[in-house]
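Okay, structure first, notes after.
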Amino acid sequence: MTGPAPFAPDFVEELHRLFHWRRDVRRFRTDPVPDEAFARALTAFAGAPSVGLSEPWRVIRVDSAGAKAAALANFEAANAEALARQQPDAADLYARLKLAGLREAPVHLAVWCDEGTTKGRGLGAGTMPETRAYSVVCAITCLWLALRAEGLGLGWVSILDPERLRADLKVPDGWRFIGYLCIGFPEAEEDRPELEKLGWETRRGLPAIETR
């Protein structure tokens, strides 16, 4: 048997352009996300690889005004603490960064890893249980790129207290928090990360690869 035919050069070029234009979006329009586009992106999420085919991802759509307000309050408290930890020369720049689109993004997802799942019968996770969480990150990456292909953006909010979020969303104790995702149409198209544009940090470029 032969494998699938190589993808056309034009597709490969477009794929790399998609990688380049994937952004962690913090500035959203409030327009609703089309159901069909969102469904296609979720299909990409569901098709992600997972250790032992365990599919340990658990997703909560944060839709009610109360739940969204709780997530925003959580972020604001955690962000204030993060600002207080900054060195004086970085605090002013940190305070000017927009680090979440919680107020504007029309779709919010809280993504968790069920570390106690029996699906997959422990294959691979017996020696490296953290691969379940890695599997969820792979699924989020698939979702991220699929959304970008639809003209939508995703912002991954990590400045949150996971245990406070767990309590607010009534999440089981056996689930590990992976990411809070804001989804919607970007306010503007950007080909560079905002943190890079504003001088917070720079990219290293290609990774250094050592040989043994």
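Structural remarks
- Flag if residue 110 is more than 18 Å from residue 60 (Cα to Cα) and either in contact with a helix residue (DSSP H, G or I) (Cβ under 7 Å, 6 or more places away or on another chain) or open to solvent by 30 Å² or more (accessible area, probe 1.4 Å) (or both): no
- Matching option when the condition is touching a Pro at 6+ places or on another chain (Cβ under 8 Å) and not β-branched (Val, Ile, Thr), among 31, 63, 35: 31
- Qualifying residue in the range 159-181 (condition: open to solvent by 70 Å² or more (accessible area, probe 1.4 Å), closer than 24 Å to residue 56 by Cα and touching a strand residue (DSSP E or B) at 6+ places or on another chain (Cβ under 8 Å)): yes
- Matching entry among 139, 125 (being more than 13 Å from residue 179 (Cα to Cα) and buried (at least 19 other Cβ atoms within 10 Å of the Cβ)): 125
- A single entry from 176, 203, 148 fulfils the requirement of being without any contact (Cβ under 8 Å) to a residue 24 or more places away in the chain, touching a helix residue (DSSP H, G or I) at 6+ places or on another chain (Cβ under 8 Å) and among the basic types (Lys, Arg): 203.
The values are calculated or read from the model by the stated rules, or taken from the named source; none is laboratory data. All of these numbers come straight from a predicted model, not from anything done at the bench. Reconstructed Cβ throughout: ideal geometry from the backbone, glycine too, with neighbour counts over all protein chains shown. In case anyone asks, the SASA skips ligands and DNA or RNA and just uses the protein heavy atoms, side chains included. Shrake-Rupley method; radii C 1.70, N 1.55, O 1.52, S 1.80 Å.
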